[in-house]
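First the structure, in the form of structure tokens, and then the observations on it.
Bear in mind these aren't lab numbers, they're just calculated from the coordinates by the rules spelled out. These figures come from a predicted structure and were not determined experimentally. Please note: Cβ atoms are built from the backbone with ideal geometry, for glycine as well, and neighbour counts cover all protein chains shown.
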Amino acid sequence: MLPYLYETHAHTSEVSHCGRMPAAEVVRHYIDAGYNGMIVTDHINYSTFRKLKKADWDEKVTFFMTGYNAAVEAAAALDPDFRVFFGAELRIDSANNDYLLFGVTEAFLRAHPTLMQMEFEEMADCVHEAGILLVQAHPFRMDMTVVDWTLLDGVETENGNPSHNSNNPIADAWAQRHHLLKTAGNDFHGDFGEKKCGIRTAEPLRDIEQLLTLMRAGRYELA
């Protein structure tokens, strides 16, 4: 078993409507659970911005950054070795599917105010042009739909959220069949529940670029 453990799918109550724990408590929770870091993947969807209908896109992005920024600040105070990385869970308007964006940046979001309005194919091209890894989260929940696998980099094959049946074995078989990257995460909203998921690496991660390199090379394990 590789020694370093990272969460790939976690939400904060500052941003995600469904989140039940503020970022500082989320960070403390993961430090106490023995993780070495986490990717904050708050929701980019209608619910996130429903109270900001009159705000422009830049204001919405500024709001979206609050959960991540609070997590970074908390980690610096609680454990400087605990790494917090920036990510997102995107839902475009045309379907209920959710996509984890690994390697997304604040600058990318500010430059793409129509991201949620894009069709899947356009969105996939857009994020890939920016070097972002596109992973479909929990693709076999009952309200999800299967998309063109050739436009994905990976599939979340182990989703630990106890509130949903993510049909993880089906997702794993799908990723195996199409040679897609596999990811694992708790889909954390406020409690680990029955599972404790993530990815393990042989070396500590300094930044998201290092993580993307390891993932593309397959140099990680699922936890």
Pop the C-beta distance of Glu73 and Asn96 into the FRET formula with R0 = 41 Å and round what comes out to the nearest 0.05. 0.80
Approximate spin-label separation Arg177-Glu121, in nm, with each point projected 7 Å along Cα-to-Cβ: 2.2 nm
Amide H to amide H, which residues 5 or more places from Ile39 or on other chains are under 5 Å from it, using H placed in the peptide plane? Glu7, Thr8, His9, Phe85
Working out 0.36 nm times the residue gap between Arg206 and Glu59, then minus their Cα-Cα distance, what length gain in nm do you get to one decimal? 50.0 nm
Extending each Cα 7 Å along its Cβ direction at Asn165 and Arg110, get the distance between those two points in nm, one decimal. 4.5 nm
Using alpha-carbon positions, the gyration tensor of the chain gives root eigenvalues a ≥ b ≥ c; with a/c under 1.5 called rounded, otherwise prolate if a/b exceeds b/c, else oblate, the class is rounded
Distance between Cα centroids, the stretch 1-40 to the stretch 124-167: provide it in whole Å. 19 Å
Expected vector for the stretch 172-178, Karplus 3J(HN,Hα) from phi with 6.51, -1.76, 1.60 and θ = phi - 60°, integer Hz, x for Gly and Pro, equals 5, 5, 5, 5, 4, 4, 9
